[in-house]
1. If r is the Cβ-Cβ distance from Glu114 to Thr646 and R0 is 45 Å, what FRET efficiency results, to the nearest 0.05?
2. From Cα pairs below 8 angstrom and at least 6 apart in sequence, can you work out the relative contact order of the chain, rounded to a whole percent?
3. Using θ = phi - 60° and the Karplus relation 6.51 cos²θ - 1.76 cosθ + 1.60, list the HN-Hα couplings for region 397-404 in order, rounded to whole Hz, with x at every Gly or Pro.
4. Please list 3J(HN,Hα) in residue order for region 487-503, calculated via the Karplus relation 6.51 cos²θ - 1.76 cosθ + 1.60 where θ = phi - 60°; whole Hz, with x for glycine and proline.
5. For the chain, what does the accessible surface come to per residue with a 1.4 Å probe? Please give it in Å².
6. Give, rounded to the nearest 20 debye, the magnitude of the charge dipole that region 516-659 has about its Cα centre when Lys and Arg contribute +1 at Cβ and Asp and Glu contribute -1 at Cβ.
7. Expressed in nm², what is the orientationally averaged projection area of the convex hull enclosing the Cα positions of region 202-326?
8. Suppose every K and R has +1 on its Cβ and every D and E has -1 on its Cβ; what is the size of the dipole of region 449-587 about the Cα centre, in Debye to the nearest 20?
Amino acid sequence: MKKLFSKDRLPAFLQNDRLRLTAVGLVGLAILGVILAFFINFILGIFLLVLLTALVGTVFYALETVTQNTNAYISDLSYRIKRGEQEALIKMPIGILLYSEANEIEWTNPYLQEYLGKKEVLGEPIATIDPELAKLIQENEATSEPKTVRWGENQFEIIIQEGIRVVYLLDITRYAKIEERYNAEQLSIGQIFLDNYDEITQTMTDKNISNLNNYVTNELSNWARQYGMFLKRVDDDHFFVLIYAQALQKIEADNFKILDRIRERTSKQNYPLTLSVGIAYGDTDLAKLATVSQSNLDLALGRGGDQVVVKAETEQARFYGGKTNPMEKRTRVRARMISQALQEVMNQTDQVFVMGHAQPDMDSLGACLGIRRIAAMNGKKCSIVVNQEHVHTDIQRLMAQLKADPEIGPDILTPDQAPELATSHSLLVMVDHSKPSISTSPVLYHQLANRTIIIDHHRRGEEFPENPMLVYIEPYASSTCELITEMFEYQPKETEAINKLEATAMLAGITVDTKSFSLRTGTRTFDAASYLRSVGADAIMVQRLLKENVDNYIQKNHLIESIEFIRPNMALCLGEEDEAYDPVIAAQAADTLLSLSGIDASFVIIRRPSGDVGISARSLGEVNVQVIMEQLGGGGHLSNAATQLTNTNIAAARDQLEQVLTKIEQDTAE
């Protein structure tokens, strides 16, 4: 039996040990059954023996046939796999290149050879055959992950196995073109607003209004046709536009010159019309794009209008235009509406907190006093949050008088005290700023983020509270004190009016921000100053509050002594690295420079007491210093702006300023 079932005498399918043992066991049982049958009945035994022999023979034959067929199939499959591997290596649409340690080509497959032309490449240096390919291999040799590169007119995914010196190049030009077309045809939504349409048309005849409408519509329609956009007028002063991403890139490269063209041509007709545009991109949800475009338009208007804001929801905004001083277009109707809305919100709160920016100036503190008085007129307690450390001498003088006042003194809180007193029903009013990061108490802002009101006269920046209850930003106003003064007319008359100290502080705020009514003033500015004088503002006290002390005067003149011209009509003064200057002194020095002949813009760079580097920028209106400071992380007005730079020195800050000026000059030249 052992000899019969030895491995070398068995069929192929039984040469497996497990199968062989199973077969031996089954055959053994069958033979044992036949032997027992012979003992029972001889004829039965003969029958079973014949049956067993036939069955075993049939099974063995069938299994042998299956085994042979299986072996033949496996052999054929193995051959086809190997042949397929060889064919794929030679004919598959992936370029393969083997190179030596000396960067010489050892082998390429025919597919890659098509890109190299009919040259003899074996044994030749890669740089000799194709310098561009050699550079690509050198740049990506240390990268094991696929990387998209451009070789000639085509795009490839390149993978390099540095250990065995093999380069794989997959031509993805077709798919790259599909992706490029997909990206180029992504939709952007824009909204165009005619900033001062209502103000201009108020005094125009029907014929002139019709001519103006026709001109603006034709100009915008031609502009839309030029770039393949869809334009629809949805109101007298409002247009809706759909733009492909590819067209948007071209328009941005053109710096939205349509704004300048319309403004300049309407100015020649004595009705200068400006446009504000908000454009959103980067999302397939059109409803969300429309919302973001409206937000971008609000940002453009909040910055003074006559400009474009292009922004995706999660990206930084890009600004174009904003070259002109904002034209005054606010009305007393708007002031009344804001005042009434402020009253309604205050009536729903248990207490009010008001704060300006971290480094308070006279406009900031005067505005706080104005809001406190409005809250008192509406029967609400209002606390002023102010940081009394490192303040300028004018604020020190005013703070001394405020603390001595029995009514106002107890309502002055430090940034640490205010958050402890605030409740979920409290209201926060941010004045003279709209950036939470520069607030007197960022902690208080975050605590009352959903119960915040903003009143400011600076152009709105990209950083802005997410969900304010009320926003009153008017870049056309001279100061925040001017805006708040207008609200007193609409407050309850039976309550105690603004007192002499509060009125004086607010008049001082207007005086400082207008440089004694010489800059950024309008008829509303003088109306506000007249009202404050009528309720007791003391002009002599204003002069006393704003007096410079001798040390500050000497420091200011010392800064001015370092004057140099970095551009024609642009002056720069630098402080010393090891000496700290009050930011107010830097601002005063910048203002003083403008009074000198031949200077249209001034910059003063100093080391602040906090250790940061500060830049104060001023201009007479020809140079937009706000745009310059924004590119350095700051902001302000077209003619009055500033920024703070951390972890740097004065020399580096000067270099950054020079780079920004150079970039703006290049963009303007283009």
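1. Details: r = 56 Å, r/R0 = 1.24.
E(calc), rounded to 0.05, equals 0.20.
2. 7 percent
3. My calculation for region 397-404 gives 5, 5, 4, 4, 6, 5, 5, 6 Hz in order.
4. These are the phi-based 3J(HN,Hα) values: 6, 4, 4, 9, 8, x, 7, 7, 8, 5, 7, 4, 8, 4, 5, 5, 4 Hz.
5. Normalised by residue count, the accessible surface of the chain is 51 Å².
6. 580 debye
7. Hull-based average projected area comes out at 7.9 nm².
8. For region 449-587, the charge dipole is close to 620 debye.
The values are calculated or read from the model by the stated rules, or taken from the named source; none is laboratory data. If you're wondering where the values come from, they're calculated on a predicted model, not measured in any experiment. Methodologically, a virtual Cβ is constructed for each residue, glycine included, from the backbone with ideal geometry; neighbour enumeration extends over all protein chains shown. Accessible surface areas use protein heavy atoms only, side chains included; no ligands, DNA or RNA. Shrake-Rupley method; radii C 1.70, N 1.55, O 1.52, S 1.80 Å.
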